[in-house]
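This report concerns only the one structure given below.
The values are calculated or read from the model by the stated rules, or taken from the named source; none is laboratory data. Remember, predicted model here, so these are calculated numbers, not experimental data. Neighbour counts run over all protein chains shown; Cβ positions are idealised from the backbone, glycine included.
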Amino acid sequence: MDDRSKYTRFLPAVYREGSQNTGPEFVDRLLQGFERALGLTPSVMDDPLVQTTDPQGVEDLLANISGYFDPTVAPPQFIDYLASWVALELEQSEDWMGTDFGETTQELDQLAPLAAVRDTRNRDLIQNAASLYRIRGTKAGIEEYLKIYAGDISVQISELTDLFTVGVTSVVGADVMIGERPHYFQVRVSVPAPNPTILAQYKRAVRAIIDNEKPAHTYYDLLLETPTMQISPTGSRVGVNTLLGGIQLG
């Protein structure tokens, strides 16, 4: 293995060879300090996008600086800073931050962008903040925000603008209403997990999102749709680990 500095090849021959007193190893050690400061050490050059306790050099940091401003690969400790750029107050919980929740307090000698894309609700919100602001307070805006939180879970908002009409097949409270209820809407969310704890968690999060994103003069009902009950071979207890399926008022 060649332990000599890569910079020695740029020196005059007299310095490359060294003297009887100092020898070439002294020059190598001197130049290797500059190599480390500039980020030319082999371990960093092999994989620059890696969390390490070994400080990266200036050139490595500049080469990967875009990763610090990309919510999908930014270090967990950098996420709050990115959120402040788009005036977002992030939810500090494992549900929203994923594995980032435990990593934000991790102390490293130097923060580096992640080696792979990480998908969490907070990161997705930062990524979509600009487009969400353009439609904030609208039906589409609330639906989009909820879909970021809920993922593939079905989200539907109904404004119930149609009055009840005799002779037309309708479901009162589902697609029509009796009498006028201005500024009222319903939010229907399908939760594919009949666990009471998960359901309560979703109710709190969904209500917080709607209350924050809806126009101040409007009001709503939250309808949570859960799957029908399935008997588990290990045992099921209603209200403990199983819910009877159907639509519930949240």
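Worth a mention:
- Conditions (1) closer than 29 Å to V189 by Cβ; (2) of a type outside the set (K, R); (3) surrounded by 15 or more Cβ atoms within 10 Å (Cβ to Cβ); number of the one not met by T99: (3)
- Any hit, segment 130-145, residues being surrounded by 15 or more Cβ atoms within 10 Å (Cβ to Cβ), assigned by TED's automatic domain parsing to the domain that holds Y219, acidic (D, E) and closer than 29 Å to F185 by Cβ: yes
- Exclusive hit being more than 14 Å from the chain's Cα centre (by Cα), modelled with pLDDT of 90 or more and β-branched (V, I, T), set I79, I126, I135: I135
- Residues being at pLDDT below 85 and part of a helix (DSSP H, G or I) - total across segment 99-111: 3
- Verdict on T8 being of a type in the set (S, T, N, Q), outside any loop (DSSP other than H, G, I, E, B) and either closer than 30 Å to Y145 by Cβ or modelled with pLDDT of 75 or more (or both): yes
- Restricting segment 112-140 to residues that are without any contact (Cβ under 8 Å) to a residue 60 or more places away in the chain and assigned to a loop (DSSP other than H, G, I, E, B), the residue that is farthest from A208 (Cα to Cα): A116
- Residue within segment 88-98 that is assigned to a helix (DSSP H, G or I) and at pLDDT below 85 present: yes
Condition check ((1) at pLDDT 85 or above; (2) among the small types (G, A, S); (3) out of contact with any strand residue (DSSP E or B) (no Cβ under 6 Å at 6 or more places or on another chain); (4) more than 30 Å from R136 (Cα to Cα)) across all residues:
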| site | (1), (2), (3), (4) |
| --- | --- |
| E25 | no, no, yes, yes |
| T41 | no, no, yes, yes |
| V50 | no, no, yes, yes |
| E59 | no, no, yes, yes |
| S66 | yes, yes, yes, no |
| V73 | yes, no, yes, no |
| A83 | yes, yes, yes, no |
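- Among the candidates V189, V155, V166, residue that is of a type in the set (A, V, I, L, M, F, W, C) and at pLDDT below 75: V166
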